[in-house]
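In what follows, a single structure is set out as structure tokens and then discussed.
The values are calculated or read from the model by the stated rules, or taken from the named source; none is laboratory data. No experiment lies behind these values; they were computed from the predicted model shown. Cβ atoms come from the backbone with ideal geometry, glycine included; neighbour counts cover every protein chain shown.
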Amino acid sequence: MASVSFQNIEKTFGTTKVIHGISFDIHDGEFMVLVGPSGCGKSTLLRMLAGLEEISGGTIAIDGRAVNDVDSKDRDIAMVFQSYALYPHMTVRDNMGFSLKLRKANPAVITERVTKAAKILNLDPYLERYPRELSGGQRQRVAMGRAIVRDPKVFLFDEPLSNLDAKLRVQMRSEIKALHQRLKTTTVYVTHDQIEAMTMADRIVVMHDGRVEQIGEPLDLYDKPDNLFVAQFIGSPAMNVVNGSLRRSNGHAYVECGSVNWPIPPGPGADGQAVALGVRPEHLALAGAGRESVPGEIIVVEPTGAETELLVQVGDAQITLVTTGRPNVNPGEKVGLAIDPGAAHLFDAKSGQRLATA
Amino acid sequence: MKRALTEARLLLIGIPVAIWTLLPIYHLFLFSISTKDEAFSGRLWPEHPTLRNFSIVFHQEHYFLNHFWEQLWNSLVIAVAVGFLTLFIAASAAFAISRLKTRGGRTILNFALFTYFIPAAFLAVPMYKAMGTYGLLNHQSALILAMVTIAAPYAIWVLKQASDKLPYELDEAAKIDGASPLQLFRLVYLPLMAPSLVAVGTYALLLAWNEYLYAFLLLSKDTNITLPVALGHFLSADDSPWELLMTTGLIYALPPAAIYYTFKRYMVSGLTSGAVKS
């Protein structure tokens, strides 16, 4: 177990700078998820930590020791790849024991550790099989087994669930989480799937274009996104965002957005300021016409059973609304939308930075 | 219906091709079971088929066949040596170029392939000179080195193409698992390349087995030449024993055929793998 620290990490490929001075710390035993759209540099960052990519600038330290010039094999890390990267010509047992064999460990010790890891991962019936004889989920578990056997300071996961089907992904998600709770090994997990990030992480690093947008606990990111990018990236369905001007008069505030005025609670921001108003789909409710709501017309009704998702045309914008239960509405119907008190997010239109929770 | 038509067309092409290729081999076989007098009779099957020719060859009962077993052994030793040496060189080079991404690797590969622009026959004299300079003439290692030189560029290229297709994550996984480049080569790369290695090894082996020109130039003692060169000597007499020449030729053709059929699966997939980007 160990802490990991990134200090002013930079990465350039040729003349292209892909990571622009990233700094953050991962605590001992923490499950840290790096999340962001493809090309944001999250995998590159992980690969630098793994020693598979040169570090162009800055320092990476594991347990306080700078590892910039340390070989992968001496960093005491284990990595699980998206494609599993199991050795096709070795049995599950040999795959899992390979690293120990290279370290010239005592064969009895290897057997013992492999058996123990296999038991944790329910792989004991498959130890003598080859990777090609296993299902996707089993291969994924072997890849994790290979990491566990090492008993490393840090586990690295590079989009480990992307190759699995939806159902298996959910199952493996819980397994990895349970495994972490059992082993308490510091873990760095890269994914582009914000749901994976939300459900698994102790803390999340949201990355975009080689920069860190925000670091925090999953629900903090959800409740108080620092900027528009995080607001729209975290949460599904995504947060509704409309652009307009902030208006204040007589103690009332609203966002003027074309012909529509979105009422918001009083808060920061100057009269006339260009803002982006963000509202999560579940923080909108159907309401009658009135001063505290905006008029709209229903376009699509999508019942999922427990919830109903509505797409509503409001002025020029299409707004998504999620409500529990089964409202009796039909496409074409005129409705009013009201924002839950305290649930509106205001961002500066130009910088995209959060003004404050209005 | 359409399938039958396609089949018929294939047969229409296949049968002439089969006859075309098999006819010389049939004659080879015909000579080998005929007596000298009958060999040129023009019949499609001899009146008195005989295995006498084989007996003569195996018992070395003719002037030209005095060293038959020794020469066959020379062929074998040289072919196997060329096969393994080519494999060693080509696998190491392909590993360095394709997996370790050694700087300049591609350039070297291109240079090596460039040598194929010059016909091997033109290189024979310079090669003879070079071997003479190193004092290797008349020594089997001269032929082995020459054949490795000829086989290696193609072998490297084929193996490089094949190793490009191995997932790169395997190397990274091994690296993190603690493998040195040499361990990666031995424990991960070679086992996964086995089918291609078999194909390339067989290619080099057969190339050396069938070589005449270089063998003729670089070796000259009766006891160290390969069988193809010895067969060439048959023609130096006014009255060539054609039936024995053909019998020996048939015997000489059998091991390659056996090797080919044993490794057919690897040959086809190995030599064509990586030919096109899939």
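Give the residues of segment B:163-193 that are more than 9 Å from chain A (Cβ to nearest Cβ) and not in a helix (DSSP H, G or I), sorted by residue number.
B:165, B:166
Taking only segment A:126-174 into account, find how many residues are of a type outside the set (S, T, N, Q), in contact (Cβ under 8 Å) with a residue 40 or more places away in the chain, within 13 Å of residue A:80 (Cα to Cα) and part of a loop (DSSP other than H, G, I, E, B).
Going through segment A:126-174 one residue at a time, the tally reaches 3.
Inspect all residues belonging to segment B:142-154 and state whether any of them is within 14 Å of chain A (Cβ to nearest Cβ) and touching a helix residue (DSSP H, G or I) at 6+ places or on another chain (Cβ under 8 Å).
The answer is no, given that none of the residues of segment B:142-154 is within 14 Å of chain A (Cβ to nearest Cβ) and touching a helix residue (DSSP H, G or I) at 6+ places or on another chain (Cβ under 8 Å).
Since residue A:115 meets every condition but one in (1) within 14 Å of chain B (Cβ to nearest Cβ); (2) under 29 Å from residue A:167 (Cα atoms); (3) part of a helix (DSSP H, G or I), which condition does it not meet?
(1)
What number goes with the only condition from (1) within 21 Å of residue A:314 (Cβ to Cβ); (2) not in a helix (DSSP H, G or I) that residue A:232 does not pass?
Every listed condition holds for residue A:232 apart from (2).
Out of segment A:244-256, which residues are more than 20 Å from residue A:227 (Cα to Cα) and either in contact (Cβ under 8 Å) with a residue 24 or more places away in the chain or assigned to a loop (DSSP other than H, G, I, E, B) (or both)?
Result: A:247, A:250, A:251, A:253.
So residue A:326 fits all but one of (1) in contact with a strand residue (DSSP E or B) (Cβ under 7 Å, 6 or more places away or on another chain); (2) within 26 Å of residue A:354 (Cβ to Cβ); (3) without any contact (Cβ under 8 Å) to a residue 60 or more places away in the chain; what number is the exception?
(2)
In segment A:292-321, which residues are of a type in the set (S, T, N, Q) and surrounded by fewer than 17 Cβ atoms within 10 Å (Cβ to Cβ)?
Those that are of a type in the set (S, T, N, Q) and surrounded by fewer than 17 Cβ atoms within 10 Å (Cβ to Cβ): A:304, A:313, A:318.
Got a sec? Which helices (runs of 4 or more DSSP H) wholly within segment B:50-148 have at least 2 residues that are within 27 Å of residue B:248 (Cβ to Cβ)?
Where helices (runs of 4 or more DSSP H) fall fully within segment B:50-148 and carry at least 2 residues being within 27 Å of residue B:248 (Cβ to Cβ), they are B:52-58, B:68-94, B:120-133.
Taking residue A:216, is it surrounded by fewer than 20 Cβ atoms within 10 Å (Cβ to Cβ), modelled with pLDDT of 95 or more and outside the structural domain of residue A:353 (by TED's automatic domain parsing)?
Considered against the rule, which asks whether it is surrounded by fewer than 20 Cβ atoms within 10 Å (Cβ to Cβ), modelled with pLDDT of 95 or more and outside the structural domain of residue A:353 (by TED's automatic domain parsing), residue A:216 comes out as yes.
Hey, does segment B:125-139 have a residue that's assigned by TED's automatic domain parsing to the domain that holds residue B:210, loosely packed, with under 12 Cβ neighbours inside 10 Å and under 25 Å from residue B:197 (Cβ atoms)?
no
If residue B:180 meets every condition in (1) more than 26 Å from residue A:47 (Cα to Cα); (2) in contact with a helix residue (DSSP H, G or I) (Cβ under 9 Å, 6 or more places away or on another chain) apart from one, which number is that one?
It is condition (1) that residue B:180 fails.
Do the conditions hold for residue A:29, that is, is it assigned by TED's automatic domain parsing to the domain that holds residue A:77 and assigned to a loop (DSSP other than H, G, I, E, B)?
Criteria met by residue A:29.
For segment A:36-57, check the following and say yes or no: at least one residue is in a strand (DSSP E or B), out of contact with any Leu (no Cβ under 8 Å at 6 or more places or on another chain) and β-branched (Val, Ile, Thr).
No, there is no match, as no residue in segment A:36-57 is in a strand (DSSP E or B), out of contact with any Leu (no Cβ under 8 Å at 6 or more places or on another chain) and β-branched (Val, Ile, Thr).
When the residues of segment A:51-110 are narrowed to those that are basic (Lys, Arg) and within 14 Å of another protein chain (Cβ to nearest Cβ), which ends up farthest from residue A:128 (Cα to Cα)?
Out of the qualifying residues, it is A:75.
Do you know which residues across segment A:318-348 are within 28 Å of the chain's Cα centre (by Cα) and either assigned by TED's automatic domain parsing to the domain that holds residue A:222 or at pLDDT 90 or above (or both)?
Hits for segment A:318-348 are A:318, A:319, A:320, A:321, A:322, A:323, A:345, A:346, A:347, A:348.
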